[in-house]
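Below is one structure, written out as structure tokens; comments come after it.
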Amino acid sequence: MALTDERYNQTAALLPPEPSRAEYWLDKGFSDLGATIREAIVLNRVTRGELITELYNGGFIHKVLWGICFLSFLVAGVAGTVIFAFIHSAVIMVVMVLVYILFGLSRALDAWYRKTRKMEFVCEQCKHVWPTPGYVCPKCGKVHSYLRPNTFGFYTHVCECGQKLPCTFFASAKGPDGSTIHRSDLEQCCPNPNCAHSVASGEARTMSIPVVGGRSVGKTSYIAALAHDLVLDRAAKEGYDTDFLDDDKRGLFSELEKIYQSGDASMTSEDSDVKRASAFSLSVFVRKDGLDPDRLIHLYDVAGETFLNNDEHEDQLQYAYAEGAVLLVDPMSIPDLASELEEGLSATDAAVSGRSNPDDVLASLIEKVKSVAKPDRQGRFTMPLAVVLSKADLPGLDEKIGQAACDAYLAANPECPVADAQDAVLRDFLLEYGMGNFLTSLKASFRSYRFFAASAVGHERLAGAYDPKGVVEPFAWIAGQADPTFAAAISLPVENAVSYAQQLEIDRRKKR
């Protein structure tokens, strides 16, 4: 979703004063020129007053001599002031024009560089988004939040301590130790003074995807399975490198990998510490030759109880700029379906069934998005929403939404692309099982949404390592819309943004 100027202004209001010296030519050049001319005019007026006073004093010879002085003043003083003011102004104007041309080019190039690379800085901790991160002065440690071409400089900024800092991607400066430094070499942190934790992502392109749902719906399992695919399986197959934002994220992945290998499905617990973020993220860098800049993926998770009760400790601003969201729905939370599946459910799986009403979960998501993002004229949000029926391996579901159901749909609708069959089957399936209000709310609130069936565990809980199915497809659908270059680079199975079934709905509305 595009970030609005209003949201940028709200975050900019949090920033402290910039610890840089203003660039003279971009700050006081014109004002000093005007002040110099005004001072010359004032001095001329004072001198003229003094000469006129002398003309009225003394005898005839005195008046003649002072009259000559007055005429000389008019010729040499006033005319000279005008001539020299013109020359002074002309020289200053030439310099200023050159300075502003260079400033405009530098500003435009840096803005183009960041815009084409989509390098907005997203803080996964405080959830704010900024045009750039805070850059730390290597000499005094002060944070520079506006290190880009502006009134502080168009090539370098000068910190209050005297250290020069490059303010564009092509600029360089001498570091305290005499080495050449570029902007990307500087230590980076969140510019929010209430956050300010160190980061290393300011020069990367960010993709933020919240994974939401009610209690026990399988969010942690889904993220564990997706992370395993992206960080281990797919990375080895496609030849790219991965890294983590910091040691905490590396530790989080280790914990998720233990869950993956054990076959457990641990729940995300509520965090009662109000100083810690309720929504935490697994933040992974993806680096590959030809993929420039690096990609940084934030996968957000929040405890189901916290999500439904709106008990988060911080504003969930990630919905304002997220490239998409994944909404997980446990089949056992669908009342008409739960009664059919209950008999075939093992005691182990029954113990971790999510029973939160999908209508309530969707309503909570809509309110959270509405609190930070503006809908379009039809009242819908542009953020793509992947609706995933989790735990699709439960006994009795395969014949309803599995391959056999997709084959039957394709036979009845030969014009439907094969990749869109599951989405269409799931729409019909949800309608059949009393989820009409859920579908209506989706249609009214989101411009683009698609249905998926997935199983992160792939078998009964605690029966061995995960064997995930359908986990990558929701992520790939979002990534294919937000960043097709990235999706192609790591061979994600990208589907059309608008599915066959949704296009039928659009066509029907147009005919009305």
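Okay, here's what the table says:
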item	result
Whole-angstrom Cα spans of segment 75-171 along principal axes, big to small	70, 32, 22
Linear extension gain, Ala363 paired with Ile68, 0.36 nm per residue minus alpha-carbon span	97.2 nm
Rg/Rh for segment 396-485, where both radii come from Cα atoms and Rh is the Kirkwood radius	1.00
Gained length - Leu462 relative to Ser491, 0.36 nm times residue gap less alpha-carbon distance	7.4 nm
Local electrostatic count at Val472 - Lys and Arg +1, Asp and Glu -1, tallied over other residues with Cβ under 9 Å	-1
Met383 accessible area, assembled protein chains, probe 1.4 Å, Å²	0 Å²
Principal semi-axes in Å for segment 439-512 [√(5λ), Cα gyration tensor, largest first]	29, 18, 9
Pairwise FRET efficiency - Val99 versus Glu257, Cβ, R0 = 56 Å, nearest 0.05	0.55
Chain lengthening between Glu342 and Ala411 when straightened (0.36 nm per residue, less Cα-Cα)	21.8 nm
Of Lys142/Lys370; Lys127/Lys288; Lys237/Lys368; Lys118/Lys219; Lys174/Lys237, those spanning more than 31 Å from alpha-carbon to alpha-carbon	Lys142/Lys370; Lys237/Lys368; Lys174/Lys237
Summed residue charge, Cβ within 13 Å of Ala108's Cβ, Lys/Arg positive, Asp/Glu negative	+3
Charge sum, other residues only, whose C-beta stays under 13 Å from Glu160's C-beta, Lys/Arg counted +1 and Asp/Glu -1	+3
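The values are calculated or read from the model by the stated rules, or taken from the named source; none is laboratory data. As the structure is a computational prediction, the values presented were derived from the model and not from experiment. All Cβ positions, even for glycine, are placed from backbone atoms using ideal geometry, and neighbour counts span all protein chains on display. Accessible surface areas use protein heavy atoms only, side chains included; no ligands, DNA or RNA. Shrake-Rupley method; radii C 1.70, N 1.55, O 1.52, S 1.80 Å.
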